[in-house]
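Notes to accompany the following structure.
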Amino acid sequence: MLAGGRGRDPLDRVRVHCGDPAAPTILACRLRGLLSELGYPTRPVLAICVGSDRSTGDSLGPIAGSRLAELALPGLAVHGTLEEPVHATNLEQVLAATSLHYPVHVQVAVDACLGDPEAVGTIGLGRGPLRPGSGVNKHLPEVGDVSLTGVVNIGGFMEYFVLQNTRLSLVFRMAQVIGEAFRLMITQPAAVSRDRRWGDSALTSPTAPARIRSTGG
């Protein structure tokens with residue numbers, strides 16, 4: 001649903017390119033650190049993957065959600081898949097249901113966004129919620145305790161046209177990296193915790209200063 005807002009990444013946000021072989025490990029380490037601050041693994045995790053399967057650029061959330069559902073990782077619940085997407089029309093209803101059925105879960109919001117050319121293909125992860133739809137001037141509730149966003153295309157003009165003309169291969173690759181990051185975090189916690197290269201010291205990448213703008217489904 002094109003999350004976030006137009007502006008620069010906060011200093012505590014890591015951003016890596018999906019083509020970097022180390023991207024899943026970097027994201028897994030940072031994700032585990034952020035979730036640990038919020039009570040994980042005592043508190044289970046709920047991934048809310050926002051977006052629409054009707055738009056290539058906005059399909060990152062549903063594709064990532066379907067991948068996470070396929071992995072069936074322990075301690076991870078998933079809302080938002082290709083078959084049952086979470087989008088602008090049902091977002092408030094979904095959030096009401098999750099607060100009722102997942103009251104103790106730490107929420108990780110996953111969504112697509114638009115940004116500067118040099119940021120396309122990068123995935124950002126940080127503490128705090130995302131703002132779905134802000135990139136296309138939609139006013140929707142904030143989602144998540146932690147937010148994970150992928151820059152799928154260039155922002156700033158004709159956003160709906162840009163979303164429809166986004167490369168599916170890029171979106172699919174980013175969703176694979178997101179799924180692998182969750183898998184590493186949950187199934188290999190010792191290895192992730194030992195790899196200090198990607199802890200709090202690895203908060204930025206060369207593309208971190210790029211301006212990012214959220215999409216909307």
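The values are calculated or read from the model by the stated rules, or taken from the named source; none is laboratory data. Please read these numbers as outputs of a predicted model, since none were measured by experiment. In this analysis, Cβ positions are derived from the backbone assuming ideal geometry, glycine residues included, and neighbour counts consider all displayed protein chains.
A few comments on the model shown:
- Scanning segment 57-90 for residues that are at pLDDT below 95 and among the hydroxyl-bearing types (Ser, Thr, Tyr) yields one hit, THR89.
- ALA96 over 16 Å from GLU159 (Cβ atoms) and either in contact with a strand residue (DSSP E or B) (Cβ under 9 Å, 6 or more places away or on another chain) or not charged (D, E, K, R) (or both): yes
Conditions (1) on the phi > 0 side of the Ramachandran plot; (2) in contact with a Gly (Cβ under 6 Å, 6 or more places away or on another chain), marked per residue:
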site	(1), (2)
ARG54	no, no
ARG67	no, yes
GLY75	yes, no
PRO85	no, no
VAL110	no, yes
GLY115	no, yes
VAL120	no, no
GLU142	no, no
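- Among the residues listed as ARG196, ARG213, the single one being at pLDDT below 75, basic (Lys, Arg) and over 30 Å from SER99 (Cα atoms): ARG196
- Residue match in segment 98-108 (condition: more than 23 Å from TYR40 (Cβ to Cβ), β-branched (Val, Ile, Thr), surrounded by 24 or more Cβ atoms within 10 Å (Cβ to Cβ) and under 14 Å from the mean Cα position of the chain (by Cα)): no
- Scan of segment 101-116 for residues that are at pLDDT 95 or above and out of contact with any helix residue (DSSP H, G or I) (no Cβ under 6 Å at 6 or more places or on another chain), ordered by number: HIS101, TYR102, PRO103, VAL104, HIS105, GLN107, VAL108, ALA109
- Screening segment 135-173 for residues that are out of contact with any helix residue (DSSP H, G or I) (no Cβ under 7 Å at 6 or more places or on another chain) and among the acidic types (Asp, Glu) and picking the one that is surrounded by the fewest Cβ atoms within 10 Å (Cβ to Cβ) gives GLU142.
- GLU83 vs. criteria among the acidic types (Asp, Glu), surrounded by fewer than 17 Cβ atoms within 10 Å (Cβ to Cβ) and touching a residue at least 24 places away in the same chain (Cβ under 8 Å): no
- Sole residue being touching a strand residue (DSSP E or B) at 6+ places or on another chain (Cβ under 8 Å), among the polar types (S, T, N, Q) and at pLDDT 95 or above, chosen from SER147, SER169: SER147
- For segment 15-46, filtering for residues that are touching a residue at least 40 places away in the same chain (Cβ under 8 Å) and within 22 Å of GLY115 (Cβ to Cβ) leaves 13.
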